[in-house]
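Taking it in order: structure first as structure tokens, then the write-up.
The values are calculated or read from the model by the stated rules, or taken from the named source; none is laboratory data. All values derive from a computational prediction rather than experimental measurement. Virtual Cβ from ideal backbone geometry, glycine too; neighbours counted across all protein chains shown. Surface areas here come from the heavy atoms of the whole protein model, side chains and all, with no ligands, DNA or RNA. Shrake-Rupley method; radii C 1.70, N 1.55, O 1.52, S 1.80 Å.
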Amino acid sequence: CFFFSYLWHQHSLAVALPDLNHRQPPIPPPPPAAVVAAAAGAEMASPDHLFALRNSFYLGAYQAAITSAEQLRNLSPEEADERDTLVYRSYIAQGSYQLAIQDISDSASTSLQAIKLLAKYFDPTESKEAVISSLKEWLSDAAIANNPVLRLVAGTIFLHEQDYSEALKHTNSGGTMELHALNVQIYLKMHRADYAEKQLKIMQQTDEDNTLTQLATAWHNLAVGGSKIQEAYLIFQDFSEKYQMTGLILNGKAVCCMHMGHFDEAETLLDARDPETLANLIVCSLHLGKSSTRYLRVGASALAVLSSTAPTRGVNGPGQPVNLSVRLGMETWRKKGEVVAVTLWDDFLAAKLLFCLLRPKVTVPASQLPCQLTLPTELT
């Protein structure tokens with residue numbers, strides 16, 4: 001299994017890993033390409049003062065995004081609102097949920113209120129049920145239901161809840177590049193690369209060189225596999241030459257290398273200690289015959305923290321936790337004898353999978369493991 005994630009916060013996709021136990025919801029037809037492309041193209045009708053900020057955020061350079069936002073002055077009210085949403089989304093991506101929750105007032109714009117709701121969803125001290133209830137109430141209000149940021153947040157939250165049909169209900173009509181990119185991720189999560197490709201074509205018709213279009217192309221190429229892997233690698237390579245190096249870019253290149261069997265090269269690309277990188281380092285170690293214990297130990301503390309934000313779905317029924325120690329030693333997933341690539345939906349799943357990729361002989365002292373951990377059904 002290979003991992004990388006893209007955080008809006010926190011998007012990613014599952015690649016070529018069919019869930020035989022999950023019944024896929026009906027897929028709504030995509031909107032006419034010309035209509036959606038025209039709507040999305042409206043974003044580029046004037047000089048884009050937020051390009052650097054968006055780019056940093058999309059590529060995972062969250063602190064750079066926050067810093068660049070501080071230098072933006074004399075923006076229109078609409079631009080200032082988008083700047084603020086991107087800044088708070090960057091803080092959320094860094095795990096600073098309470099900062100966004102406390103800073104965004106009840107009188108803020110609908111977009112910022114939606115971001116505050118997203119922060120509450122990811123904050124382990126908040127009630128996810130209450131957040132989803134509020135979200136549904138907002139979406140039922142015709143005055144704000146079509147707000148693109150609210151729709152994006154709705155798609156993100158329902159995606160994390162694995163309610164794909166509900167997510168698509170709010171994102172499928174598109175209207176912005178981010179919504180189309182999220183649609184690509186949702187369809188790939190559903191293992192419908194054909195529908196993802198339709199969304200990708202809309203993005204390409206709107207702005208083929210857009211960072212989101214290039215990212216979505218790489219995701220789709222990884223899902224398709226074969227010769228497309230090399231094309232995905234070149235996209236991440238291009239990012240690494242043009243922009244600040246981030247974990248997202250490095251893990252993207254590493255995943256491509258692992259797809260092509262170049263585990264030694266992939267290992268040299270991975271030098272961070274975030275959950276996705278640690279997961280990929282473990283996979284590289286296993287394939288190269290090296291010990292992965294050191295990565296497990298580094299990830300244990302992260303897992304102990306992240307486990308508090310686990311989705312309420314487990315192998316013993318919804319919300320029923322299992323003892324992590326009994327899950328150690330799970331074999332890597334394989335399909336037709338080949339390693340199946342997986343792109344993670346969030347840091348938490350990445351951290352959990354760190355432990356599920358270990359050989360049976362690898363053990364970790366109980367003192368370094370959280371007492372309990374809810375594992376997703378996909379791991380059973």
Theoretical gain in end-to-end length, Ser140 to Leu75 [0.36 nm per residue, Cα-Cα removed]: 20.3 nm
Added length on full extension, which subtracts the Cα-Cα distance from 0.36 nm per residue, Gln102 to Asp48: 16.5 nm
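In nm, what is the difference between 0.36 nm times the number of residues separating Lys242 and Glu161 and their Cα-Cα distance? Write down the numbers at each step before the final one.
Working: separation 81, 0.36 × 81 = 29.16 nm, distance 3.49 nm.
Gain on stretching Lys242 to Glu161: 25.7 nm.
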Pair Ser133, Glu208: separation of 7 Å Cα→Cβ label points (nm): 5.0 nm
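Under a 1.4 Å probe, what is the accessible area of region 216-292 per residue, stated in Å²?
Working: 2910 Å² over 77 residues.
On a per-residue basis, 38 Å².
Given a 1.4 Å probe and heavy atoms of the protein chains only, how would you sort Trp219, Trp138, largest accessible area at the top?
Per-residue accessible area, sorted high to low, gives Trp138, Trp219.
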Summed side-chain charge close to Leu152 - residues other than Leu152 whose Cβ falls under 11 Å, Lys, Arg +1, Asp, Glu -1: +1
Carbon and sulfur %, accessible surface of region 87-172 computed with the full protein complex present, 1.4 Å: 45 percent
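With 20 Å as the limit, write out which pairs from Lys136/Lys189; Lys169/Lys198; Lys228/Lys290 have Cα-Cα distances beyond it, or answer none.
Values: Lys136/Lys189 23 Å; Lys169/Lys198 17 Å; Lys228/Lys290 29 Å.
Going by Cα-Cα distance, Lys136/Lys189; Lys228/Lys290 fall outside the 20 Å limit.
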Region 206-222 - phi-based ³J(HN,Hα) in whole Hz, Karplus 6.51/-1.76/1.60, Gly and Pro as x: 7, 7, 5, 8, 4, 4, 5, 5, 5, 4, 4, 4, 5, 4, 5, 4, 5
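Note down the net charge around Leu86, summing +1 for each Lys or Arg and -1 for each Asp or Glu among other residues with Cβ under 11 Å from its Cβ.
The answer is -2.
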Rounded to whole Hz, the Karplus (6.51, -1.76, 1.60) HN-Hα couplings of region 234-247, x for glycine and proline: 5, 5, 5, 5, 5, 4, 5, 7, 9, 10, 4, 5, 10, x
Backbone HN-Hα couplings from phi across region 65-82 [Karplus 6.51/-1.76/1.60, Hz, Gly and Pro as x]: 5, 5, 5, 5, 5, 5, 8, 7, 10, 6, 8, 5, x, 5, 5, 5, 5, 5
Area of Met245 that stays accessible when all protein chains are in place (1.4 Å probe, Å², to 10): 80 Å²
